[in-house]
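One structure is given here, and the rest of the page talks about it.
Where a number appears in this text, it was derived from the coordinates with a stated rule and is not lab data. Remember, it's a predicted structure, so these values are computed and weren't measured experimentally. As a convention, Cβ positions derive from the backbone with ideal geometry for all residues, glycine included, and neighbour counts pool all protein chains shown.
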Amino acid sequence: MVLQYQSVPDGSNRALTSYWIPPIWTMIATIDDDGYLRLDTRVLSTLQLLLRTTIFVALSIAAVGSRLFSVVRFESIIHEFDPWFNFRATKYLVTHSFYKFLNWFDDKTWYPLGRVTGGTLYPGLMVTSSVIYNALHKLGFPVDIRNVTVMLAPAFSTLTAIATYLFTYEITSSMKSFGDSKSTALLSACFMAIVPGYISRSVAGSYDNEAIAITLLMITFYFWIKSVKLGSIFYASLTSLFYFYMVSAWGGYVFITNMIPLHIFILVLMGRFDYKLYTSYCTWYTLGTLMSMQIPFVGFLPIRSNDHMAAFGVFGLLQLVVITSYFKNILSPARFYNLM
């Protein structure tokens, strides 16, 4: 039996109510000084984790379900012209080898000239579908390549929501003004799962580059923020790896190519330069540029195209900042002023 008390004007306490608590509740809850039942911190954390997991499952169902109307109402089929070509290219890749795919001359496209496929497309979408198709067959699921391509975009929409959660949490976890970072991240994941602009490019049957590119975009930015916060070569290398994946999948990779240098440039102007930024950016730029040049359609564009000059300029700027900082530390103010 537990009594709940209320203070009265004369300074004494008066019992208001009494209630019985099952013995098992004493293992997961305590009674505070006011007589109220308080859940144990570990139990509360478990309930929060269970609730977040439930919400994640619900938004995953909503993300996939909102993209399946064409399949449910009609049939599993590819839509639009570019997705149909991507589907044909994927079938060729699955049937033949990757080397033959890169050297494939398609006489049914760009008629009557034809198309040298390997040097005129981003192969990331086809390679992703081929890997999933072969993996499912290895596991004993004899799915057709058409179903893999049709369902690829809805499946990746769930991964995009998860990547958005991680990205938002990584940003807000160090910002006191956001309060509960996990709730903020969960809300952003919910928005990403059902935002109309993304749904229109990731419905079932829309087998285009954006099907996987938006996911890779968010994952790349997540690892970038993490590498900048930690100054980690490992996370910067992961950023480069997913940047390479993004380059292989979509021409919109130039958004990342210019957004990351802009981020660094603004931080330098704000006087927030440190060696964490230097380590992260130099690792990403060096590895990312070298890997992106391995895509036949990209080739030498990273070192000769105007779209990539901002990244190169910021890379050079960081070298000047580091050299200037070095001489400033080893020279007296007067000699440093004369040197400058």
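With a ≥ b ≥ c the root eigenvalues of the C-alpha gyration tensor of the chain, is it rounded (a/c under 1.5), prolate (a/b larger than b/c) or oblate? The shape class here is oblate.
Among the trypsin sites (Lys or Arg not before Pro) within region 262-340, those in coil by DSSP and having at most 11 neighbouring Cβ atoms inside 10 Å are ARG272. For the chain, the longest principal axis of the Cα atoms and the long axis of helix 181-194 meet at an angle of about 50 degrees. In terms of the Cα gyration tensor, with a ≥ b ≥ c the square roots of its eigenvalues, is region 80-159 rounded because a/c is under 1.5, prolate because a/b exceeds b/c, or oblate? Cα axes put region 80-159 in the prolate bin. Computed from Cα positions, the angle between helix 233-249 and the longest principal axis of the chain comes to roughly 50 degrees.
Seen against the Cα atoms of the chain and their longest principal axis, helix 124-138 is set at about 70 degrees. The charge dipole of region 209-340, taken about the Cα centre with unit charges on the Cβ atoms of Lys, Arg (+1) and Asp, Glu (-1), comes to about 420 debye, rounded to the nearest 20.
Placing unit charges on the Cβ atoms only, positive for Lys and Arg and negative for Asp and Glu, gives the chain a dipole magnitude near 660 debye about its Cα centre.
Ranking GLN48, GLY65, PRO123 by Cα position along the charge dipole of region 46-205, where only Lys, Arg, Asp and Glu carry charges on their C-beta atoms, puts GLN48 farthest toward the positive end.
For a quick check, take a GNM of the chain with Cα springs below 10 Å and name the residue from ILE212, ILE295, ILE323 with the largest mean-square fluctuation. Its mean-square fluctuation being the largest, the pick is ILE323. Please say if region 209-340 is rounded, prolate or oblate, where rounded means a/c under 1.5 for a ≥ b ≥ c the square roots of the C-alpha gyration tensor eigenvalues, and otherwise the choice is prolate for a/b larger than b/c and oblate otherwise? It comes out prolate by the Cα gyration axes.
Pairs exceeding 20 Å between alpha-carbon atoms, taken from LYS226/LYS328; LYS226/LYS276; LYS182/LYS276; LYS108/LYS138: LYS226/LYS328; LYS182/LYS276; LYS108/LYS138.
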